[in-house]
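The values are calculated or read from the model by the stated rules, or taken from the named source; none is laboratory data. Small disclaimer: the values here were computed from a predicted structure and weren't measured. With ideal geometry, Cβ positions are generated from the backbone for all residues, glycine too; neighbour counts draw on all protein chains shown.
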Amino acid sequence: MATPRWLFLWIGWSGLVLSLPFAAAQNANSSVPPQPRLATGGLVSSLLAAPVVGQPYSAVQVHGTTRTLADGSTISHHGHHIVARDAEGRVHVEMRMAIGRNGEPDQVMVFVMDPVAHTLTTWLSNVPNQPKVASLIKMPAPGKGEAAPASEKNPAEDHRPQPIITTEDLGTKTIQSLETTGKRTTTIVPIGRSGNSAPITKTYEVWTSADMGLVVKQVWNDPRYGERTVELKDLSRVAPDAALFRPPAGYEVKDAKETLRELEQKLDANME
């Protein structure tokens, strides 16, 4: 019997989701003073970002890469997903698993992070023959839990040539009707550090809205890998529908570890 694609994806994402509480605990308990983490609209950054209240929004995060080949032709890849935040700081991230066919809606996986209840809930929507189950994980409250001390690398122990890193302010720019401030970081990788016979110059540009606590646009340029962009589009500051932040009617809420065990058993049965 063929194993449904959504089952593999669910188990894979569940593994990531189950690791998030440990990441949050390490951030909360590190001996190094934490820097505020801003959401970018991406899954992990949105779920681990510092909560922002009173600034609801919804948007589409668009990400893409473009690589130029030696003959001048290019290879491009693009994708997108939906993100929303309510006035209480709850975050909804909706990732498309498969495009709907014959007029059917897209198959999606939904993640909702609730910084008030310290929970992460995830479920599948529009997937044929799927269990109507929402998996819930309790996240550690700030300052709770235990984490191993963070180990820091000593640059003196790295005998390779060290990169030269400079930053510059790019001023302000309006993006998606938001006032943003920009910064560019330029890194020169010296000869020999990465097996390179000539210096490599790469840049990272970021535009941030302090008002919204959001990274609105990011651009990476590296001659080895091409250009990568991540930005928010179709941004609205209208409060999103409250229904986005709870499982749909008819879904049973279960502990995530229990759900994962059941799915692994189903996967084993399908492979027999």
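Conditions (1) at pLDDT below 95; (2) within 16 Å of residue 187 (Cβ to Cβ), marked per residue:
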| residue | (1), (2) |
| --- | --- |
| 201 | no, yes |
| 206 | no, yes |
| 213 | yes, no |
| 218 | no, yes |
| 229 | no, no |
| 232 | no, no |
| 238 | no, no |
| 248 | yes, no |
Inset, instruction - Identify the residue in the range 208-236 that is basic (Lys, Arg) and not in a loop (DSSP other than H, G, I, E, B) and, among all such residues, is surrounded by the fewest Cβ atoms within 10 Å (Cβ to Cβ). - result: 233
Inset, instruction - Report yes if residue 94 is out of contact with any Cys (no Cβ under 9 Å at 6 or more places or on another chain) and either in a loop (DSSP other than H, G, I, E, B) or crowded, with 20+ Cβ neighbours inside 10 Å (or both), otherwise no. - result: no
Inset, instruction - Name every residue in the range 238-255 that is without any contact (Cβ under 8 Å) to a residue 60 or more places away in the chain and assigned to a strand (DSSP E or B), in order of residue number. - result: none
Inset, instruction - Considering each residue of the range 48-64, count those that are under 16 Å from the mean Cα position of the chain (by Cα) and either assigned to a strand (DSSP E or B) or more than 18 Å from residue 37 (Cα to Cα) (or both), and give that number. - result: 7
Inset, instruction - Give just the number: which of (1) closer than 27 Å to residue 206 by Cα; (2) part of a loop (DSSP other than H, G, I, E, B); (3) not basic (Lys, Arg) does residue 79 not satisfy? - result: (2)
